[in-house]
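Below: the structure, in C-alpha cells.
The values are calculated or read from the model by the stated rules, or taken from the named source; none is laboratory data. Note that this is a predicted model, so its numbers are computed, not measured. Here Cβ is always computed from backbone atoms with ideal geometry, including for glycine, and neighbour counts include all displayed protein chains.
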Amino acid sequence: MENKTLVRPIFPVWATILLYTFASVLLMGVFSVFVYLAFGTPVGQFGMLQQFFSSLAMFLGALVPAVLFILYIDCRPLSDLGLGLRGRGRDFLFGISLALLLYLLGFGTSLLLGAVEITSVHFDGEILLGSLCVLVVAALMEEVMIRGYILSRLMSCMNKFVALCISSFIFAFMHLFNPNISFLPIFNIFLAGLMLGAAFLYTRNLCFPITLHVFWNWLQGPLLGYEVSGAKLFPSTLTLHLPEKNIINGGDFGFEGSIICTVLLIITTGAIIYWFEKRNTRESEYVESSKV
C-alpha cells in the first residue's frame, strides 16, 4: 500500500485566523478603492448599482484569501469552506422558510403590542430585486469570512460550541461601529451569529446560513421598513412609525435591537442545535443496532 505523507498546516489556528483577517480587511480596502474610483461617488451617496459592486468588492476581499489560505496555508480541501451546492436544495428552502417564520412572529408580535405601526405601503419591484442582489453578496461575504473560514478553523482545534461562541463574538465585533449601536443590539448580533452558525456545526455547509442571512436582512429592511443592523440602506415597501422608541421595537437600531428579537434568536438557536443533536443520536443508534 502506498504511504501518503500527512501535510500539516504551516501556522497554528490562531495565527492563521489573525493573518486571514488582516489579509481580508486589506484586500477589501483595496477592492473598495477600485469601486470608488470607478464610480467617483462618495460611499454615503452610493446608488443600488454602486452598493452592489461595493458589496461584491467586500465579498471578493473575504473569498480570495479564504481560498488561498485553505489550500496553501491550512493545507485543507477547498470543500471545507462550505460552499458546495449539490444536494442542498432543502437548505435553501429551510433558510427562506425560517426567515419568513421569524419575521411573521416578530413583526406580528410588534404590531399586536402596538410597538410599531404601518403608515404607508409602496411596492417597487425594482428596488426589492436590486436590494436582494446587494444583500446576497453582503451575506456571502460575512458567511464565508465568519462561518466558512473562521468557524471551521476553530472547530478543528476545540469544542464546536466554544468555536461557535468565539466566531459569534467576532461577528458581533464586526458590527460594533454600526449606527445606533448599544448593548442589546450588539448582544442580539452575537445571538444571530450563534443562530447562523448552529447548523454549520453539523453540516459544514453554508447554504442554510447564507439563505437565512439574506432573507433575514431582506425581509427586515427592504420589505418591512426596519433599519438593517442600525442602518437604513434601501427604500422599503412598508413605512413604519414607532409610537415610542423602546426595547420592544428596537428603536433607531431596528428589529435587531428589540427584546422580541432576543427571544426569537435564543429559541431558534436552541431548536436548531436540539434538532441536529437528536438526529445524530438517532443515526448513531441505528448504526449500533445494525451491527447487532
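In the set Y20, Y72, which member is surrounded by fewer than 18 Cβ atoms within 10 Å (Cβ to Cβ) and within 21 Å of L151 (Cβ to Cβ)? Reasoning before the result, please.
Details: Y20 fails: surrounded by fewer than 18 Cβ atoms within 10 Å (Cβ to Cβ).
Of the residues listed, the single one that is surrounded by fewer than 18 Cβ atoms within 10 Å (Cβ to Cβ) and within 21 Å of L151 (Cβ to Cβ) is Y72.
Just name the residue that is surrounded by the fewest Cβ atoms within 10 Å (Cβ to Cβ) out of those in region 164-182 that are of a type in the set (A, V, I, L, M, F, W, C) and touching a residue at least 24 places away in the same chain (Cβ under 8 Å).
Top of the filtered list is F169.
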TODO: Working only within region 76-102, note down all residues that are at positive phi and either basic (K, R) or surrounded by 13 or more Cβ atoms within 10 Å (Cβ to Cβ) (or both).
DONE: G82
TODO: Working only within region 269-292, note down all residues that are among the hydroxyl-bearing types (S, T, Y), at pLDDT 95 or above and surrounded by fewer than 21 Cβ atoms within 10 Å (Cβ to Cβ).
DONE: Y274
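For (1) out of contact with any Pro (no Cβ under 6 Å at 6 or more places or on another chain); (2) at pLDDT below 95; (3) of a type in the set (V, I, T); (4) in a helix (DSSP H, G or I), each residue gets a yes or a no:
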{"residue": "M58", "(1), (2), (3), (4)": "yes, no, no, yes"}
{"residue": "A62", "(1), (2), (3), (4)": "yes, no, no, yes"}
{"residue": "V67", "(1), (2), (3), (4)": "yes, no, yes, yes"}
{"residue": "Y72", "(1), (2), (3), (4)": "yes, yes, no, yes"}
{"residue": "R76", "(1), (2), (3), (4)": "yes, yes, no, no"}
{"residue": "D80", "(1), (2), (3), (4)": "yes, yes, no, yes"}
{"residue": "G84", "(1), (2), (3), (4)": "yes, yes, no, no"}
{"residue": "G87", "(1), (2), (3), (4)": "yes, yes, no, no"}
{"residue": "I96", "(1), (2), (3), (4)": "yes, no, yes, yes"}
- [ ] Pick out the one residue from N188, N205 that is in contact (Cβ under 8 Å) with a residue 24 or more places away in the chain, farther than 29 Å from G47 by Cβ, more than 11 Å from the chain's Cα centre (by Cα) and not in a helix (DSSP H, G or I).
- [x] N205
TODO: Report yes if some residue within region 208-218 is β-branched (V, I, T), more than 16 Å from the chain's Cα centre (by Cα), modelled with pLDDT of 95 or more and surrounded by 17 or more Cβ atoms within 10 Å (Cβ to Cβ); otherwise report no.
DONE: no
Open item on the list: I need a count of the residues in region 132-163 that are more than 20 Å from P65 (Cβ to Cβ) and either over 16 Å from the mean Cα position of the chain (by Cα) or without any contact (Cβ under 8 Å) to a residue 60 or more places away in the chain (or both).
Closed with: 5
Task: Members of region 208-234 that are among the aromatic types (F, W, Y) and in a loop (DSSP other than H, G, I, E, B) - done: Y226, F234
Task: Filter result (crowded, with 23+ Cβ neighbours inside 10 Å and in contact with a His (Cβ under 7 Å, 6 or more places away or on another chain)) within region 219-247 - done: S229
- [ ] Residues being modelled with pLDDT of 95 or more and among the β-branched types (V, I, T): count how many of those fall in region 219-243.
- [x] 2
